[in-house]
Amino acid sequence: MSKSAIFTGLVIFIIIALFPFWINFGKTAPVPEPELVGKAKTAKKCVLDKMDMRANHMSLLDEWRDSVVRDANRIYTNTDGKEFAMSLSTGENSCLGCHEDKSKFCDKCHNYASVDPYCWECHTEPKEIK
Amino acid sequence: MMKKSRRSFLKVAAVSAIGIGAAPAISLSSSSTNSHGSSHAAKSPNKGAKTAKRWGMVIDTSKLTEEVVEHIVEACHKAHNVPDFNHEVDEGKYPKTRPVNHKQEVKWIWEEHFHNAFPDKEDEFLADKFKHLPFLVTCNHCINAPCVKACPTQATFKREDGIVLMDFHRCIGCRFCMAACPFGARSFNFRDPRPFIAETNPDFPTRSKGVVEKCNLCAERLAKGEQPYCVEVSKGAIVVGDLEDPESEPRKLLDKNYAIRRKQALGTEPSVYYIM
(Lines give C-alpha, C1' and ligand atoms only; values in the text may rest on other atoms or scores of the structure.)
Protein backbone atom coordinates (compact mmCIF):
# COMPACT_ATOMS: atom_id res chain seq x y z
CA MET A 1 0.00 0.00 0.00
CA SER A 2 2.65 2.50 1.06
CA LYS A 3 4.77 1.36 -1.86
CA SER A 4 2.63 3.10 -4.48
CA ALA A 5 2.35 6.23 -2.34
CA ILE A 6 6.10 6.41 -2.01
CA PHE A 7 6.59 6.02 -5.75
CA THR A 8 4.04 8.68 -6.67
CA GLY A 9 5.70 10.99 -4.16
CA LEU A 10 9.09 10.25 -5.61
CA VAL A 11 7.93 10.91 -9.16
CA ILE A 12 6.36 14.23 -8.13
CA PHE A 13 9.53 15.16 -6.31
CA ILE A 14 11.74 14.42 -9.29
CA ILE A 15 9.51 16.39 -11.62
CA ILE A 16 9.65 19.40 -9.30
CA ALA A 17 13.37 19.08 -8.67
CA LEU A 18 14.14 18.99 -12.36
CA PHE A 19 11.83 21.91 -13.10
CA PRO A 20 14.62 24.25 -14.37
CA PHE A 21 15.77 21.63 -16.83
CA TRP A 22 12.48 20.66 -18.48
CA ILE A 23 11.06 24.18 -18.53
CA ASN A 24 14.07 25.42 -20.50
CA PHE A 25 14.43 22.35 -22.68
CA GLY A 26 15.22 23.25 -26.27
CA LYS A 27 15.33 26.94 -25.54
CA THR A 28 19.06 27.40 -25.22
CA ALA A 29 20.17 30.88 -26.09
CA PRO A 30 22.84 30.86 -28.79
CA VAL A 31 26.35 31.56 -27.59
CA PRO A 32 27.07 35.21 -28.35
CA GLU A 33 29.53 36.17 -31.03
CA PRO A 34 31.01 39.52 -30.08
CA GLU A 35 31.52 41.39 -33.30
CA LEU A 36 34.76 43.09 -34.14
CA VAL A 37 34.09 46.26 -36.04
CA GLY A 38 36.26 49.03 -37.35
CA LYS A 39 39.81 49.15 -36.12
CA ALA A 40 39.46 46.11 -33.89
CA LYS A 41 38.77 43.99 -36.95
CA THR A 42 42.03 44.85 -38.63
CA ALA A 43 44.15 44.99 -35.48
CA LYS A 44 44.24 41.20 -35.06
CA LYS A 45 45.60 41.40 -31.52
CA CYS A 46 44.27 43.16 -28.48
CA VAL A 47 46.33 44.26 -25.47
CA LEU A 48 46.79 40.64 -24.43
CA ASP A 49 46.09 37.44 -26.35
CA LYS A 50 42.49 36.73 -27.23
CA MET A 51 41.91 34.05 -24.62
CA ASP A 52 43.75 36.02 -21.97
CA MET A 53 41.63 39.06 -22.75
CA ARG A 54 38.50 36.97 -22.59
CA ALA A 55 39.38 35.59 -19.19
CA ASN A 56 41.17 38.52 -17.60
CA HIS A 57 40.00 41.79 -19.11
CA MET A 58 38.30 42.76 -15.90
CA SER A 59 41.43 42.46 -13.81
CA LEU A 60 43.40 44.23 -16.48
CA LEU A 61 40.95 47.12 -16.37
CA ASP A 62 41.11 47.14 -12.60
CA GLU A 63 44.88 47.33 -12.73
CA TRP A 64 44.72 50.11 -15.32
CA ARG A 65 42.33 52.14 -13.24
CA ASP A 66 44.63 52.13 -10.22
CA SER A 67 47.59 52.98 -12.40
CA VAL A 68 45.88 55.93 -14.06
CA VAL A 69 44.18 57.39 -11.02
CA ARG A 70 46.87 56.81 -8.43
CA ASP A 71 50.20 56.81 -10.28
CA ALA A 72 49.28 59.03 -13.26
CA ASN A 73 50.65 56.34 -15.54
CA ARG A 74 48.37 56.39 -18.54
CA ILE A 75 50.27 54.48 -21.20
CA TYR A 76 50.40 50.70 -21.24
CA THR A 77 53.09 49.02 -23.29
CA ASN A 78 52.25 45.38 -23.89
CA THR A 79 54.67 42.52 -24.46
CA ASP A 80 54.78 43.28 -28.18
CA GLY A 81 55.91 46.82 -27.42
CA LYS A 82 52.63 48.28 -28.61
CA GLU A 83 51.29 51.27 -26.67
CA PHE A 84 47.73 51.68 -25.46
CA ALA A 85 46.00 54.48 -23.63
CA MET A 86 44.75 53.06 -20.36
CA SER A 87 41.31 54.44 -20.86
CA LEU A 88 37.94 52.87 -21.42
CA SER A 89 36.42 55.40 -23.73
CA THR A 90 38.55 58.47 -24.33
CA GLY A 91 40.70 58.82 -27.38
CA GLU A 92 41.75 56.78 -30.37
CA ASN A 93 43.95 54.43 -28.43
CA SER A 94 41.45 53.49 -25.72
CA CYS A 95 39.29 50.38 -25.51
CA LEU A 96 36.35 51.95 -27.30
CA GLY A 97 38.70 53.75 -29.68
CA CYS A 98 39.33 50.34 -31.21
CA HIS A 99 36.20 48.38 -30.31
CA GLU A 100 34.06 51.08 -31.79
CA ASP A 101 30.66 49.68 -30.95
CA LYS A 102 30.04 48.75 -27.34
CA SER A 103 26.64 47.22 -28.10
CA LYS A 104 28.17 44.83 -30.61
CA PHE A 105 31.12 43.93 -28.42
CA CYS A 106 30.92 44.41 -24.64
CA ASP A 107 27.19 44.06 -24.31
CA LYS A 108 26.96 40.85 -26.30
CA CYS A 109 28.68 38.66 -23.73
CA HIS A 110 27.72 40.70 -20.70
CA ASN A 111 24.06 40.32 -21.55
CA TYR A 112 24.44 36.62 -22.25
CA ALA A 113 26.27 35.99 -19.00
CA SER A 114 23.87 38.31 -17.21
CA VAL A 115 26.64 40.41 -15.75
CA ASP A 116 26.00 44.08 -15.31
CA PRO A 117 29.27 45.95 -14.81
CA TYR A 118 28.68 49.53 -13.74
CA CYS A 119 31.29 51.02 -16.09
CA TRP A 120 28.72 52.86 -18.14
CA GLU A 121 27.03 54.56 -15.23
CA CYS A 122 29.91 57.03 -15.43
CA HIS A 123 31.95 56.30 -18.52
CA THR A 124 30.30 57.37 -21.71
CA GLU A 125 30.26 55.87 -25.11
CA PRO A 126 30.78 58.71 -27.59
CA LYS A 127 28.08 57.24 -29.81
CA GLU A 128 25.48 57.11 -27.09
CA ILE A 129 25.88 60.79 -26.25
CA LYS A 130 24.79 61.83 -29.70
CA MET B 1 41.79 -9.17 -5.50
CA MET B 2 45.24 -7.79 -5.00
CA LYS B 3 46.18 -6.91 -1.52
CA LYS B 4 48.16 -3.75 -1.00
CA SER B 5 50.47 -3.44 1.92
CA ARG B 6 50.46 -0.23 3.87
CA ARG B 7 54.07 0.25 2.82
CA SER B 8 53.42 0.13 -0.93
CA PHE B 9 50.39 2.43 -0.56
CA LEU B 10 52.45 5.04 1.26
CA LYS B 11 55.14 4.88 -1.42
CA VAL B 12 52.66 5.63 -4.20
CA ALA B 13 51.03 8.38 -2.15
CA ALA B 14 54.37 10.08 -1.48
CA VAL B 15 55.39 10.04 -5.14
CA SER B 16 52.03 11.50 -6.22
CA ALA B 17 52.30 14.22 -3.58
CA ILE B 18 55.70 15.27 -4.91
CA GLY B 19 54.30 15.28 -8.45
CA ILE B 20 51.38 17.49 -7.50
CA GLY B 21 53.63 19.83 -5.60
CA ALA B 22 56.03 20.18 -8.51
CA ALA B 23 53.33 20.76 -11.14
CA PRO B 24 53.01 24.56 -10.77
CA ALA B 25 56.80 25.00 -10.96
CA ILE B 26 57.03 22.87 -14.08
CA SER B 27 54.19 24.61 -15.85
CA LEU B 28 55.62 28.00 -14.87
CA SER B 29 59.05 27.28 -16.29
CA SER B 30 57.66 25.72 -19.45
CA SER B 31 55.38 28.65 -20.19
CA SER B 32 57.80 31.54 -20.21
CA THR B 33 56.14 32.55 -23.47
CA ASN B 34 52.89 32.69 -21.54
CA SER B 35 50.39 35.08 -22.99
CA HIS B 36 50.00 37.18 -19.85
CA GLY B 37 53.60 38.28 -19.92
CA SER B 38 53.03 40.97 -17.31
CA SER B 39 56.72 40.74 -16.52
CA HIS B 40 57.52 42.61 -19.71
CA ALA B 41 54.51 44.86 -20.00
CA ALA B 42 55.06 48.36 -18.68
CA LYS B 43 53.02 51.31 -17.52
CA SER B 44 54.29 54.80 -18.04
CA PRO B 45 53.05 58.39 -17.95
CA ASN B 46 52.16 60.24 -21.16
CA LYS B 47 55.06 61.84 -22.93
CA GLY B 48 55.11 65.53 -22.17
CA ALA B 49 53.01 65.20 -19.03
CA LYS B 50 53.36 68.07 -16.60
CA THR B 51 54.85 67.04 -13.29
CA ALA B 52 55.56 68.79 -10.03
CA LYS B 53 56.69 68.07 -6.52
CA ARG B 54 53.67 69.83 -5.14
CA TRP B 55 51.02 71.35 -7.32
CA GLY B 56 49.59 74.64 -6.17
CA MET B 57 47.45 77.49 -7.39
CA VAL B 58 47.76 81.24 -7.08
CA ILE B 59 44.71 83.39 -7.69
CA ASP B 60 45.25 87.09 -8.34
CA THR B 61 42.09 88.61 -6.90
CA SER B 62 42.70 91.96 -8.61
CA LYS B 63 42.21 90.27 -11.97
CA LEU B 64 38.95 88.58 -11.04
CA THR B 65 35.91 90.21 -12.56
CA GLU B 66 32.38 88.86 -12.63
CA GLU B 67 32.85 87.99 -16.26
CA VAL B 68 36.11 86.12 -15.80
CA VAL B 69 34.73 84.22 -12.82
CA GLU B 70 31.70 83.18 -14.81
CA HIS B 71 33.84 81.92 -17.66
CA ILE B 72 36.08 79.94 -15.34
CA VAL B 73 33.21 78.22 -13.56
CA GLU B 74 31.51 77.44 -16.83
CA ALA B 75 34.62 76.07 -18.50
CA CYS B 76 35.44 73.83 -15.54
CA HIS B 77 31.95 72.49 -15.02
CA LYS B 78 31.31 71.92 -18.68
CA ALA B 79 34.54 70.03 -19.21
CA HIS B 80 34.07 67.82 -16.17
CA ASN B 81 30.41 67.05 -16.79
CA VAL B 82 29.30 68.73 -13.57
CA PRO B 83 25.50 68.75 -13.48
CA ASP B 84 23.57 72.02 -13.35
CA PHE B 85 20.26 71.47 -11.62
CA ASN B 86 18.78 74.52 -13.32
CA HIS B 87 19.17 72.77 -16.63
CA GLU B 88 15.87 71.74 -18.13
CA VAL B 89 15.68 67.96 -18.38
CA ASP B 90 15.11 66.42 -21.79
CA GLU B 91 11.90 64.49 -21.11
CA GLY B 92 12.32 62.30 -24.16
CA LYS B 93 15.71 61.04 -23.07
CA TYR B 94 15.09 60.94 -19.32
CA PRO B 95 11.41 60.36 -18.67
CA LYS B 96 9.99 60.58 -15.15
CA THR B 97 12.84 62.62 -13.69
CA ARG B 98 12.08 63.65 -10.13
CA PRO B 99 11.65 67.38 -9.52
CA VAL B 100 14.81 69.15 -8.44
CA ASN B 101 15.65 70.00 -4.86
CA HIS B 102 17.66 73.17 -5.25
CA LYS B 103 19.40 72.71 -1.93
CA GLN B 104 21.42 70.06 -3.70
CA GLU B 105 24.13 71.34 -5.95
CA VAL B 106 27.34 70.02 -7.36
CA LYS B 107 30.28 72.36 -7.82
CA TRP B 108 34.00 72.11 -8.37
CA ILE B 109 34.86 75.81 -8.43
CA TRP B 110 32.54 78.64 -7.56
CA GLU B 111 32.13 82.26 -6.55
CA GLU B 112 32.06 83.23 -2.90
CA HIS B 113 31.95 86.46 -0.88
CA PHE B 114 35.01 87.50 1.07
CA HIS B 115 33.33 86.96 4.43
CA ASN B 116 32.44 83.39 3.48
CA ALA B 117 35.76 82.55 1.91
CA PHE B 118 37.79 84.11 4.73
CA PRO B 119 35.53 84.16 7.80
CA ASP B 120 38.50 84.62 10.13
CA LYS B 121 39.65 87.70 8.25
CA GLU B 122 36.37 89.52 8.23
CA ASP B 123 36.61 92.94 9.74
CA GLU B 124 34.37 95.88 10.52
CA PHE B 125 36.64 98.20 8.61
CA LEU B 126 37.51 95.88 5.76
CA ALA B 127 38.18 97.79 2.56
CA ASP B 128 35.07 98.10 0.49
CA LYS B 129 36.60 96.55 -2.60
CA PHE B 130 36.97 93.18 -0.89
CA LYS B 131 33.33 93.14 0.09
CA HIS B 132 32.29 93.22 -3.54
CA LEU B 133 35.04 91.19 -5.13
CA PRO B 134 33.93 87.86 -6.54
CA PHE B 135 36.28 85.37 -4.85
CA LEU B 136 36.82 82.07 -6.53
CA VAL B 137 37.03 79.07 -4.25
CA THR B 138 37.71 75.43 -4.93
CA CYS B 139 39.42 72.43 -3.39
CA ASN B 140 42.60 73.63 -1.68
CA HIS B 141 44.55 70.41 -2.22
CA CYS B 142 45.76 70.73 1.36
CA ILE B 143 49.00 69.22 2.56
CA ASN B 144 47.23 67.82 5.62
CA ALA B 145 43.99 67.12 3.86
CA PRO B 146 41.37 66.13 6.43
CA CYS B 147 39.21 64.52 3.76
CA VAL B 148 41.97 62.02 3.01
CA LYS B 149 42.16 61.02 6.64
CA ALA B 150 38.39 60.69 6.89
CA CYS B 151 37.89 58.50 3.84
CA PRO B 152 37.34 54.91 4.97
CA THR B 153 37.94 53.35 1.55
CA GLN B 154 40.91 55.43 0.36
CA ALA B 155 38.77 56.67 -2.48
CA THR B 156 40.16 60.10 -1.63
CA PHE B 157 43.90 60.14 -1.45
CA LYS B 158 46.84 62.46 -1.77
CA ARG B 159 48.90 61.88 -4.84
CA GLU B 160 52.66 62.21 -4.55
CA ASP B 161 52.56 65.44 -6.50
CA GLY B 162 50.24 67.06 -3.96
CA ILE B 163 46.92 66.74 -5.75
CA VAL B 164 44.12 65.52 -3.52
CA LEU B 165 42.38 63.18 -5.88
CA MET B 166 39.37 60.92 -5.88
CA ASP B 167 38.96 57.45 -7.25
CA PHE B 168 35.26 57.60 -7.98
CA HIS B 169 35.16 53.83 -8.40
CA ARG B 170 35.95 53.35 -4.75
CA CYS B 171 33.71 56.03 -3.27
CA ILE B 172 30.91 54.48 -1.24
CA GLY B 173 29.14 57.78 -0.63
CA CYS B 174 29.56 57.86 3.15
CA ARG B 175 30.28 61.60 2.98
CA PHE B 176 32.77 61.58 5.87
CA CYS B 177 35.02 63.63 3.61
CA MET B 178 32.35 66.28 3.20
CA ALA B 179 32.04 66.59 6.96
CA ALA B 180 35.80 66.70 7.29
CA CYS B 181 36.50 69.34 4.65
CA PRO B 182 36.48 72.79 6.27
CA PHE B 183 36.08 74.48 2.88
CA GLY B 184 32.90 72.86 1.64
CA ALA B 185 34.80 71.90 -1.48
CA ARG B 186 32.98 68.60 -1.91
CA SER B 187 29.60 67.83 -3.38
CA PHE B 188 27.46 64.75 -3.17
CA ASN B 189 25.49 63.26 -6.02
CA PHE B 190 22.12 62.74 -4.41
CA ARG B 191 20.80 61.64 -7.77
CA ASP B 192 21.93 60.53 -11.18
CA PRO B 193 23.59 63.65 -12.59
CA ARG B 194 23.21 62.75 -16.24
CA PRO B 195 19.83 64.34 -16.96
CA PHE B 196 21.26 67.66 -15.76
CA ILE B 197 24.30 67.76 -17.98
CA ALA B 198 23.48 69.95 -20.94
CA GLU B 199 26.29 68.73 -23.14
CA THR B 200 28.24 65.67 -22.09
CA ASN B 201 31.96 65.93 -22.69
CA PRO B 202 33.00 62.51 -24.00
CA ASP B 203 36.57 62.99 -22.78
CA PHE B 204 35.62 62.86 -19.12
CA PRO B 205 33.30 60.47 -17.33
CA THR B 206 30.20 61.61 -15.53
CA ARG B 207 29.56 60.52 -11.98
CA SER B 208 26.88 58.18 -10.73
CA LYS B 209 24.39 58.53 -7.92
CA GLY B 210 25.88 58.18 -4.44
CA VAL B 211 29.36 59.46 -5.21
CA VAL B 212 31.16 62.51 -3.85
CA GLU B 213 33.07 64.75 -6.25
CA LYS B 214 35.34 67.77 -6.24
CA CYS B 215 38.04 69.62 -8.15
CA ASN B 216 40.83 67.34 -9.38
CA LEU B 217 43.15 70.18 -10.42
CA CYS B 218 42.60 68.89 -13.95
CA ALA B 219 44.83 65.89 -13.35
CA GLU B 220 43.65 64.54 -16.70
CA ARG B 221 44.93 67.66 -18.45
CA LEU B 222 48.22 67.91 -16.59
CA ALA B 223 48.78 64.33 -17.70
CA LYS B 224 48.52 65.53 -21.28
CA GLY B 225 50.86 68.43 -20.66
CA GLU B 226 48.08 71.00 -20.70
CA GLN B 227 47.12 73.70 -18.21
CA PRO B 228 43.94 73.29 -16.16
CA TYR B 229 40.78 74.67 -17.72
CA CYS B 230 40.42 77.42 -15.12
CA VAL B 231 43.92 78.70 -15.87
CA GLU B 232 43.27 78.66 -19.57
CA VAL B 233 40.23 80.94 -19.46
CA SER B 234 41.23 83.07 -16.47
CA LYS B 235 43.06 85.76 -18.47
CA GLY B 236 46.01 85.53 -16.13
CA ALA B 237 44.03 85.57 -12.89
CA ILE B 238 44.89 81.97 -12.03
CA VAL B 239 48.32 80.40 -12.18
CA VAL B 240 49.02 76.74 -11.47
CA GLY B 241 52.50 75.36 -10.96
CA ASP B 242 55.01 73.68 -8.68
CA LEU B 243 55.10 75.30 -5.25
CA GLU B 244 58.35 73.54 -4.39
CA ASP B 245 60.16 75.00 -7.36
CA PRO B 246 61.42 78.55 -6.60
CA GLU B 247 61.53 79.31 -10.32
CA SER B 248 57.92 78.36 -10.97
CA GLU B 249 55.35 80.94 -11.95
CA PRO B 250 53.30 80.72 -8.75
CA ARG B 251 56.41 81.02 -6.60
CA LYS B 252 57.53 84.10 -8.50
CA LEU B 253 54.13 85.66 -7.92
CA LEU B 254 54.24 84.78 -4.23
CA ASP B 255 57.69 86.35 -3.97
CA LYS B 256 56.44 89.67 -5.21
CA ASN B 257 52.96 89.83 -3.70
CA TYR B 258 51.23 89.44 -0.37
CA ALA B 259 49.04 86.36 -0.52
CA ILE B 260 46.71 84.68 1.95
CA ARG B 261 45.23 81.24 2.25
CA ARG B 262 41.86 80.16 3.56
CA LYS B 263 41.41 79.22 7.22
CA GLN B 264 45.12 78.84 7.84
CA ALA B 265 44.59 78.48 11.57
CA LEU B 266 43.15 75.03 11.01
CA GLY B 267 46.54 73.76 9.91
CA THR B 268 45.40 71.94 6.80
CA GLU B 269 48.00 73.91 4.78
CA PRO B 270 46.05 74.76 1.64
CA SER B 271 47.89 74.92 -1.67
CA VAL B 272 45.68 77.66 -3.08
CA TYR B 273 46.94 81.21 -2.51
CA TYR B 274 45.04 84.46 -2.97
CA ILE B 275 47.01 87.59 -3.89
CA MET B 276 45.32 90.52 -2.19
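In the condition set (1) in contact with a Leu (Cβ under 7 Å, 6 or more places away or on another chain); (2) assigned to a loop (DSSP other than H, G, I, E, B), B:Y273 is compliant with all but (2).
Answer yes or no: is there a residue in the stretch B:131-151 that is within 14 Å of chain A (Cβ to nearest Cβ) and hydrophobic (A, V, I, L, M, F, W, C). Within the stretch B:131-151, one or more residues are within 14 Å of chain A (Cβ to nearest Cβ) and hydrophobic (A, V, I, L, M, F, W, C).
Under the condition of being among the charged types (D, E, K, R) and touching a helix residue (DSSP H, G or I) at 6+ places or on another chain (Cβ under 6 Å), the residues counted in the stretch B:153-183 number 2. The set of residues in the stretch B:171-225 that are of a type in the set (V, I, T) and assigned to a loop (DSSP other than H, G, I, E, B) comprises B:I172, B:I197, B:T200, B:T206, B:V211. Let me confirm something: among B:P83, B:P99, which residue is over 20 Å from B:A237 (Cα atoms) and surrounded by 19 or more Cβ atoms within 10 Å (Cβ to Cβ)? Going through B:P83, B:P99 in turn, just one is over 20 Å from B:A237 (Cα atoms) and surrounded by 19 or more Cβ atoms within 10 Å (Cβ to Cβ): B:P83.
Conditions tested, residue by residue: (1) within 14 Å of another protein chain (Cβ to nearest Cβ); (2) farther than 12 Å from A:C122 by Cα.
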site	(1), (2)
B:F183	no, yes
B:N201	yes, no
B:N216	yes, yes
B:E220	yes, yes
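For the stretch A:71-88, the set of residues classified as within 18 Å of B:F204 (Cβ to Cβ), facing another protein chain (nearest Cβ under 7 Å) and out of contact with any strand residue (DSSP E or B) (no Cβ under 7 Å at 6 or more places or on another chain) consists of A:A72 only. For the stretch A:31-53, the candidate set comprises residues that are within 14 Å of chain B (Cβ to nearest Cβ), among the charged types (D, E, K, R) and in a loop (DSSP other than H, G, I, E, B); within that set, the residue that is surrounded by the most Cβ atoms within 10 Å (Cβ to Cβ) is A:D49.
Is the stretch A:92-100 home to any residue that is facing another protein chain (nearest Cβ under 9 Å) and closer than 30 Å to B:R170 by Cβ? Looking through the stretch A:92-100, none of the residues is facing another protein chain (nearest Cβ under 9 Å) and closer than 30 Å to B:R170 by Cβ. Yes or no: the stretch B:166-174 includes at least one residue that is farther than 19 Å from B:Y274 by Cα and touching a residue at least 60 places away in the same chain (Cβ under 8 Å). No: zero hits. Considering the stretch B:226-270, the residues that are aliphatic (A, V, I, L, M) and assigned to a strand (DSSP E or B) include one that is nearest to the chain's Cα centre (by Cα), namely B:V240. Among the residues of the stretch B:75-108, the one identified as under 18 Å from the mean Cα position of the chain (by Cα) and without any contact (Cβ under 8 Å) to a residue 60 or more places away in the chain is B:H77. The stretch B:48-138 holds helices (runs of 4 or more DSSP H) entirely within its bounds, and those carrying 3 or more residues that are within 23 Å of B:E199 (Cβ to Cβ) map to B:66-79.
Quick check, is A:E63 at pLDDT 90 or above, within 30 Å of B:N216 (Cβ to Cβ) and either facing another protein chain (nearest Cβ under 10 Å) or under 21 Å from the mean Cα position of the chain (by Cα) (or both)? Yes: the conditions hold for A:E63. The residue of the stretch B:102-155 that is nearest to B:V233 (Cα to Cα), among those that are exposed (fewer than 14 other Cβ atoms within 10 Å of the Cβ) and hydrophobic (A, V, I, L, M, F, W, C), is B:A127. Residues that are touching a residue at least 40 places away in the same chain (Cβ under 8 Å) and among the hydroxyl-bearing types (S, T, Y) within the stretch B:249-276 comprise B:T268, B:S271, B:Y273, B:Y274, listed in sequence order. Return a yes/no flag: does the stretch B:192-201 have any residue that is modelled with pLDDT of 95 or more and closer than 29 Å to A:E63 by Cβ. Scanning the stretch B:192-201 turns up no residue that is modelled with pLDDT of 95 or more and closer than 29 Å to A:E63 by Cβ.
The values are calculated or read from the model by the stated rules, or taken from the named source; none is laboratory data. Quick caveat: nothing in here was measured; it's all calculated off a predicted structure. Quick reminder, even Gly has a Cβ in these numbers, built from the backbone with ideal geometry, and neighbours come from all protein chains shown.
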